[in-house]
Amino acid sequence: MEDLLQFLYLMPVGVVKFRADGAVEMMNAVAAGLLLSMESASTLQNFYSALLPIAPDLGLRVADFAAIAGNIIDQQWLRAIAGSRVLVLSLTVNKIKDNVYMAVLTDVTKLAEQEEKLYVDRQKFFAIFDHVRDYAIYTITMDGLIEEWNQSVQRFGGWDAADVHGRNMSLFFPQDDPDRPNIELLLAEAARIGSAETEGWRVKRDGSRVWVNSVITALPDEAGKVRGFVVVSRDITQRKQLEDEKKQLATIDPLTGAYNRRQGDVLLAVEFSRRTRYGRPFAVLTMDIDHFKAVNDRFGHPAGDSVLCAVVQTCRNILRPTDLLVRWGGEEFLVILPETDTNAAMVAAERLRTAVEANEATLPGGVNIRVTVSIGVALPSSESSSELLSRCDVALYSAKTGGRNRVFLAP
Ligand code: GH3
Ligand code: MG
Ligand code: MG
């Protein structure tokens, strides 16, 4: 009996033995501590009085319990004020026999706080997950099958839950996109280093496209093993358009739509390196409009501008899609002809010359005029691009001094 009392006394939970009227017959130190820490627990003589502020119906419930023995209250959580903090107690009451009751009290404040935090975290998470506007968020399995998604998937992709659930995320990637990423590799990367990022076209439900940035993050379980991924995608179509426009501005001559000189330098460097690496031939033409100053003088500068555009259009009609037309300066152009030997370059130059000569440009006032061009042709030897260009310019100069409207091959 003494051992049992000792055992009860040392138990890490509060134990109280009381009678039907609430009179306490015995309680251990933990129970006394818990009851005393509650501000309002004025007495320890009577269990009902001690718990009155937090369990006012305790006496009634005990009285209502008609069975000979059994559980009356099972782990009911009670909130009490203890000084400046909230104390959460778990109360269990059992009827042992007539007029003998046992209560077990445990301090579950920590547990309650954790649960509260978990609840708040969950609420916060769902608030973010569902109401975040510009991001589509969905989770996928290790194989890329879509599990859960937030409302943005519908908002910016137009996809319904039923469309996507259980289907592979590749659904969102256009089949015919040459830059379509390898999804398996992306997932493998995300699994290996924690996350992977990809940017490109995605298809909407109606078949139209948006430019999207996606971050794929691994979702590890408690043991650290990756169990799936969360994909956070953002529609950045507008940014992409701005970037494309900026790129366009940086590489294209706004008047004629030909490449600008800066891009011409880049394109020339590319051809040089292809020639060095793979021995691919190419040719360059420098083309200058004859007596262009006279066009400006006679018809005005805007008329000169439309002649420039007309010449570019004429050349475009003649050139192959792989040929590159660069506005090198005012009325002077550089044409880069990849995969072209001397004969083919001369033929192309001659075709350009005759086409420009044959074409009438219609000026804004309705006047039609014709212009001619002089062209220098050069093929690279082992020289720098500036040496090649000055050789080509010498050929152009010869075409000019030779009477204009002609083609001259650099020696
Ligand atoms: P040549 O046959 O020797 O080439 O004679 P040209 O008159 O064409 O040569 P010149 O270099 O003397 O004159 C080029 C003219 O091109 C002068 C300049 O005002 C004009 N020009 C340069 N850029 C533009 C442009 O963007 N628009 C217009 N309308 N004219 C331009
Ligand atoms: Mg000129
Ligand atoms: Mg000139």
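Note that segment 132-240, at 4 °C in a medium of 1.567 mPa s, gets a Stokes-Einstein diffusion coefficient of 93 µm²/s from its Kirkwood radius over C-alpha pairs. With everything on Cα atoms, drop me the angle between helix 342-358 and the longest principal axis of the chain, reported from 0 to 90° to the nearest 10. With rounding to tens, the tilt is 80 degrees. Neighbour counting of Cβ atoms within 10 Å sorts the residues Tyr48, Tyr101, fewest neighbours leading, into Tyr48, Tyr101. Across segment 144-186, the fraction of Cα-Cα pairs farther apart than 15 Å, rounded to a whole number, is 46%. Against the chain, whose longest principal axis is taken from its Cα atoms, helix 237-251 shows a tilt of about 30°. What's the angle, to the nearest 10 degrees (0 to 90), between helix 183-193's Cα axis and the longest principal axis of the chain? Approximately 60 degrees, to the nearest 10.
Put simply, the C-alpha atoms of segment 252-409 give a gyration tensor, and the ellipsoid matching it has half-axes of 27, 16, 13 Å, longest first. Size check on segment 1-148: the Cα extents along the three principal axes, sorted descending, read 65, 35, 33 Å. In this simple spin-label approximation, His301 and Arg133 carry label points 7 Å from Cα along the Cα→Cβ vector, and these lie 4.5 nm apart.
Extension gain, Thr141 to Asn99: 0.36 nm times the residue separation minus the Cα-Cα distance gives 9.2 nm. When Rg and the Kirkwood Rh are both derived from Cα coordinates, the Rg/Rh ratio for the chain amounts to 1.42. Semi-axes of the equivalent ellipsoid of segment 191-305 are 49, 23, 10 Å, computed as sqrt(5λ) over the eigenvalues of the C-alpha gyration tensor in descending order.
In a fully extended conformation the segment linking Ala161 and Gln238 would gain 25.1 nm over its present Cα-Cα distance, using 0.36 nm per residue.
Values quoted throughout were computed directly from the atomic coordinates according to the rules given, and no laboratory measurement underlies them. Remember, predicted model here, so these are calculated numbers, not experimental data. FYI the Cβ positions are ideal-geometry reconstructions off the backbone, even for glycines, and counts take in every protein chain you see.
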